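Novice: Here you go, one structure.
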Amino acid sequence: MVREREKAIDLCITVPTFFKCPISLDVMKSPVSLCTGVTYDRASIQRWLDDGNNTCPATMQILKTKDFVPNRTLHSLIQIWTDSVHRRVEPPFLPSVPSKDQLLQTITDLRTSPGSPGLNRINRLGLITKAVRFGQDSDQNRAFLAKLDGFVSLMVTFLDNVDGSVEFLEQVLTALGLVLEKIEDRDGLKNDILKGKNKKCLDSMLLVLRRGSNNSRIATARVLKFIALDGESQILIAENEPLIIELLNLSKPEKDPKVIENCLSCLVAISQPKRNKVKLVKFGAMKTLSRLLTEANTTVKVVEKALKLVESASTTSEGRKEMCEDAACVAAILNKVLKVSNVATGHAVTILWSVCYLFRDQKAQEAVTQANGLTKILLLIQGYCSPQVRQMCTDLLQIFRVNSKSCLSSYETKTSHIMPF
């Protein structure tokens, strides 16, 4: 019932676009404006600047100054709007957080056999929802849950029996997602989920990815990433091919940005074994990633993770073939060399270096040339970049030396006193 009321509230409340931070897409708590006139949440833009970026994330203009000023007018408008929303959500809609004693009784009740007369599916859903509310309330509560004897294994048992409703499985995965960072026996959780009695945990996760809410999908992706500890676990997860296909489906540009980000993180984690990389390419990963990279509104985090996954796939001949036959994909990667983030630059240059220099793919070299790639590489190497990125850029310049001899001669004359080749 609470879940349905919360859904109704969400449908009724529309957040004004200009109240959202362009980086986090959340309502701004402390709006500040850059010299470009664009307003961000203070925490988000501070992280952007602390990462070494010197551009405005929304406009990509070079910042004349990294100072920002509080946008007090917008802050007041957000406060007025927030107060009005709170007045619309009455206190009865917000259930109280269980005490520790109540939580212990809840767990005891959850351990009751599902066949017992006092515990039907509705009662069980109510009980697990209480445990979730307890964990959501504080970091201390999450630590308490993680250390509570048998709590994590009980959640895995529920997942391994695939007889609960989608709503119940959502709450189970949400509970696991809450305590992940507090779990000490990560190997134990991995083995319980992937080698459980019925081996149905991944099927439960697939059901939630297909039919659950965005928040429960995020929790599911986080749990999968958490247990992808080694090659064996990564291969076991990828053996559930419908699961991988659904993670890719949820990574498409039209999906929720936070869902995309977490699904890509999960795919990156399981893509280490070569057979998994090949499987991702087979299921259309390169097309999905190309679409993400060509979208204008893709967030920085999503761009970084998409490039990381392309980098991983490009270590296989199948991945390079898919990428190099799509000139738009190569051009999109090239466009991320500058003005996104240092992380994105590193991944983008590594991909281009791999296909153009290491494997000497002619189609990729032609696509880079047509997209004015040489100019972008020259701009990057003239500015700040890591020694590894600089070396890869130098290697790339050697590849294009024949076709751009005059341009390089001019460049080397100007930079010979700065950086020896």
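Novice: Could you check, for segment 138-151, whether at least one of its residues is in contact (Cβ under 8 Å) with a residue 24 or more places away in the chain, surrounded by fewer than 15 Cβ atoms within 10 Å (Cβ to Cβ), of a type in the set (S, T, N, Q) and in a loop (DSSP other than H, G, I, E, B)?
Specialist: no
Novice: Out of curiosity, is Q234 farther than 27 Å from A131 by Cα, in a helix (DSSP H, G or I) and in contact (Cβ under 8 Å) with a residue 24 or more places away in the chain?
Specialist: yes
Novice: Inspect segment 250-257 for any residue being touching a residue at least 40 places away in the same chain (Cβ under 8 Å), under 26 Å from A175 (Cβ atoms) and either open to solvent by less than 10 Å² (accessible area, probe 1.4 Å) or of a type in the set (V, I, T) (or both) and give the result as yes or no.
Specialist: yes
Novice: Moving on. Report yes if T129 is under 30 Å from the mean Cα position of the chain (by Cα) and either outside any helix (DSSP H, G or I) or at pLDDT 85 or above (or both), otherwise no.
Specialist: Yes; evaluated as a whole, the condition is true for this residue.
Novice: Quick one: count up the residues across segment 270-300 that are of a type in the set (S, T, N, Q), more than 30 Å from S44 (Cα to Cα) and open to solvent by less than 40 Å² (accessible area, probe 1.4 Å).
Specialist: Qualifying residue count for the region: 1.
To keep it simple, each residue is scored yes or no on (1) at pLDDT 95 or above; (2) not hydrophobic (A, V, I, L, M, F, W, C).
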{"residue": "V223", "(1), (2)": "yes, no"}
{"residue": "I227", "(1), (2)": "yes, no"}
{"residue": "L248", "(1), (2)": "yes, no"}
{"residue": "D256", "(1), (2)": "no, yes"}
{"residue": "V268", "(1), (2)": "yes, no"}
{"residue": "S271", "(1), (2)": "yes, yes"}
{"residue": "K277", "(1), (2)": "yes, yes"}
{"residue": "L280", "(1), (2)": "yes, no"}
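This table checks each residue for (1) open to solvent by 40 Å² or more (accessible area, probe 1.4 Å); (2) assigned to a helix (DSSP H, G or I); (3) not basic (K, R).
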residue: L176; (1), (2), (3): no, yes, yes
residue: V179; (1), (2), (3): no, yes, yes
residue: K190; (1), (2), (3): no, yes, no
residue: G196; (1), (2), (3): no, no, yes
residue: S216; (1), (2), (3): no, yes, yes
residue: L224; (1), (2), (3): no, yes, yes
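Novice: Also, quick follow-up: How many residues, within segment 146-190, are at pLDDT 95 or above and either in contact with a strand residue (DSSP E or B) (Cβ under 8 Å, 6 or more places away or on another chain) or of a type in the set (S, T, N, Q) (or both)?
Specialist: 1
The values are calculated or read from the model by the stated rules, or taken from the named source; none is laboratory data. Computed from a predicted structure; not experimentally measured. Every residue, glycine among them, receives a Cβ derived from its backbone with ideal geometry; neighbour counts consider all protein chains shown. Quick note on the areas: whole protein, heavy atoms, side chains included, nothing else; ligands and nucleic acids left out. Shrake-Rupley method; radii C 1.70, N 1.55, O 1.52, S 1.80 Å.
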